[in-house]
Amino acid sequence: MLSKVETMLELGGTYEVDKKDITTGLRQSLNQKMRRTSLVLATAGFLITGGSVVYAGEHSPINTVYHVYLADEAIATFSDEQYIQDVVDEKIEEAQSKNNSYTYQADKDLRVVPERTFTPVTKDRQGQESLRKVLNVEAEAVGIIIGDQESPAVYVQDKDTAADVLEALKLAYVSKKDLAQLKERQQERKAAEKADDKKESSSNSQVNENGTQKKKGSTLLDVRFDQKVSFETSFIDESFILSKEEAVTKLKKGTLEDEKYIVQEGDVFGKVAAAHDLDSDQLLALNPDIQKKDMLSIGQSLNVTVKKPYMEVVVSSKETKDETIPFQTIVKEDDTMYKGEEKVAQEGKDGKQTVTYQKTKENGTLVDTTVINRDVQEEAQDKIVIKGTKVIPSRGTGKLIWPTNGGSLTSKMGQRWGSMHKGIDIARASDLTIKAVDNGVVEFAGRQGGYGNKVIINHNNGMKTIYAHMSSISVSKGETVPQGTKIGVMGSTGYSTGTHLHFEVYQNGAITDPLSVLSSR
């Protein structure tokens, strides 16, 4: 006859050994029996631990527990999934009570791992408290993906808002009316293509056979983005979801990109800053090694980090307008006329034309203009001017050379010391020679008041020149002097504070600024 323990083993049950109920002899017998049958029991699916024998078959008392992780951090272990669901539902209800326009779900990093165990250890209520503290819920949103970027540039509430954002970006560069008309034309074109009708109805056509618009003005041809734009629905932290206005602003501003600029000849700090949409303080902050704004040198590298928009709005339009064809001036030489003389043989007259352009703008900046049609109604008539080329020594050419061999301009024409300074002063020339600036006849050569030693040359073309403060004079009154002839030596006679040449120019009796008619030194 089998003992109670043996019977339970035979039946595939469990028997707990109790010291109070089992005598020492029986215990020893049981232990011997268990040792002898351990291999058989193990093979049959039993587990033997301490004083217990447990059958691990389909009817064994194995429990399932649920381990909760947030990312890789263990939070708690539960005896039932409902405890977890209750916390999730509670969090979602809390979020919806604040904003019921979103659909929420638990944080995507929340993981529940079930485990079957003989010795379950769970703390359901304490676990719920721990889970409440760390669990966040995420809201359903639509991300706008630009180009081949892996992640969205911005998130908005839904696809309608995303579409509104793209519409608003376009409306920043075209009018609502023009965009609506463009969409209408595109729909009509698609309908015509679907019906295999390649001809536009005359009532809708704005273009004739040669491509010229019948009406003057501008017509929008296309508005597009320079990169592919797509939408992606996902659940994210609610704080990342932007309003339409916020999304438009972010997409316009774009992302920071590091750029370098090499200083060119003529660059100044403010000019470089303005060229990169910065002010001087921003540019200085990007280049802390520069101590002063005016300390730039050719070839120097500057940081000009700026925000680059995520994408460009490309607008194509066609514009037809009437234009004037400006006449050209044709100059013909005549050796029978003195040099400096000219006459108009034919007056010029502007022409008329109608021109159709195709223009392309990127974010409002014109990047391309192409003429697609030109209709000339009236050709322009050239203006023809006859200029004399005959030169005689006593007549000036009208082109004045510099009166000294180099030198520095020490005073210009204008108000000086309370009176009008009628000419210019030249000093520190390579030598003291004074030259006739053009062909002419000496009208005066001598001393005259504050001018000191003075020479006046009449160039016989309406122009006279005066040279003053000379230390000596090399020509006489009535003498014909070719351009470049030495007429004297620079000095400090008359009312003068140092060795220099005072030089004046008169045209048809009117004083003229010498710098406006003299060639460069």
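The values are calculated or read from the model by the stated rules, or taken from the named source; none is laboratory data. These figures come from a predicted structure and were not determined experimentally. Every residue, glycine among them, receives a Cβ derived from its backbone with ideal geometry; neighbour counts consider all protein chains shown. Protein only, heavy atoms only, side chains kept; ligands, DNA and RNA dropped before computing areas. Shrake-Rupley method; radii C 1.70, N 1.55, O 1.52, S 1.80 Å.
Of everything in the stretch 494-512, what is assigned to a loop (DSSP other than H, G, I, E, B) and under 54 Å from the mean Cα position of the chain (by Cα)? Give them in sequence order. None - no residue of the stretch 494-512 is assigned to a loop (DSSP other than H, G, I, E, B) and under 54 Å from the mean Cα position of the chain (by Cα), so the list stays empty.
Listed by first and then second residue, the pairs linking a residue in the stretch 341-357 that is farther than 9 Å from residue 384 by Cα and among the β-branched types (Val, Ile, Thr) to a residue that is in a loop (DSSP other than H, G, I, E, B) and open to solvent by 70 Å² or more (accessible area, probe 1.4 Å), with Cβ atoms under 9 Å apart and 6 or more places separating them unless they lie on different chains, are 354/216.
Residues in the stretch 469-494 that are free of Cβ contacts under 8 Å to residues at least 60 places away in the same chain and either over 18 Å from residue 444 (Cβ atoms) or touching a Leu at 6+ places or on another chain (Cβ under 8 Å) (or both): 469, 470, 471, 489, 491, 492. State whether one or more residues within the stretch 377-398 are under 57 Å from the mean Cα position of the chain (by Cα), open to solvent by less than 50 Å² (accessible area, probe 1.4 Å) and under 30 Å from residue 218 (Cα atoms). Yes: the stretch 377-398 contains one or more residues that are under 57 Å from the mean Cα position of the chain (by Cα), open to solvent by less than 50 Å² (accessible area, probe 1.4 Å) and under 30 Å from residue 218 (Cα atoms).
Matching residues to (1) at pLDDT 95 or above; (2) in contact with a Gly (Cβ under 8 Å, 6 or more places away or on another chain); (3) open to solvent by 60 Å² or more (accessible area, probe 1.4 Å):
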{"residue": "109", "(1), (2), (3)": "no, no, yes"}
{"residue": "117", "(1), (2), (3)": "no, no, no"}
{"residue": "123", "(1), (2), (3)": "no, no, yes"}
{"residue": "145", "(1), (2), (3)": "yes, no, no"}
{"residue": "155", "(1), (2), (3)": "yes, yes, no"}
{"residue": "159", "(1), (2), (3)": "yes, no, yes"}
{"residue": "165", "(1), (2), (3)": "yes, no, no"}
{"residue": "174", "(1), (2), (3)": "no, no, no"}
{"residue": "181", "(1), (2), (3)": "no, no, yes"}
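For the stretch 453-487, the set of residues classified as hydroxyl-bearing (Ser, Thr, Tyr), in a strand (DSSP E or B) and modelled with pLDDT of 95 or more consists of 465, 467, 471, 472, listed by residue number. Quick check on the stretch 98-106. Is at least one of its residues open to solvent by 30 Å² or more (accessible area, probe 1.4 Å), at pLDDT below 95, of a type in the set (D, E, K, R) and farther than 29 Å from residue 308 by Cα? Within the stretch 98-106 (the criterion being open to solvent by 30 Å² or more (accessible area, probe 1.4 Å), at pLDDT below 95, of a type in the set (D, E, K, R) and farther than 29 Å from residue 308 by Cα), the answer is yes, since at least one residue qualifies. Within the stretch 285-338, the only residue that satisfies the criterion of being assigned to a strand (DSSP E or B), open to solvent by 50 Å² or more (accessible area, probe 1.4 Å) and small (Gly, Ala, Ser) is 301.
Quick grid of which residues meet (1) of a type in the set (Lys, Arg); (2) outside any helix (DSSP H, G or I); (3) without any contact (Cβ under 8 Å) to a residue 40 or more places away in the chain:
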position: 122; (1), (2), (3): no, yes, no
position: 126; (1), (2), (3): no, no, no
position: 131; (1), (2), (3): no, no, no
position: 143; (1), (2), (3): no, yes, no
position: 170; (1), (2), (3): yes, no, no
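Evaluating residue 397 against the criteria (1) within 30 Å of residue 328 (Cα to Cα); (2) in contact with a helix residue (DSSP H, G or I) (Cβ under 8 Å, 6 or more places away or on another chain) leaves one unmet condition, (2).
For residue 149, the criteria (1) under 23 Å from residue 249 (Cβ atoms); (2) part of a loop (DSSP other than H, G, I, E, B); (3) touching a strand residue (DSSP E or B) at 6+ places or on another chain (Cβ under 9 Å); (4) open to solvent by 40 Å² or more (accessible area, probe 1.4 Å) hold in every case but one, which is (3). Among the residues of the stretch 245-267, none qualifies, meaning not one is more than 25 Å from residue 311 (Cβ to Cβ), part of a helix (DSSP H, G or I) and touching a residue at least 40 places away in the same chain (Cβ under 8 Å).
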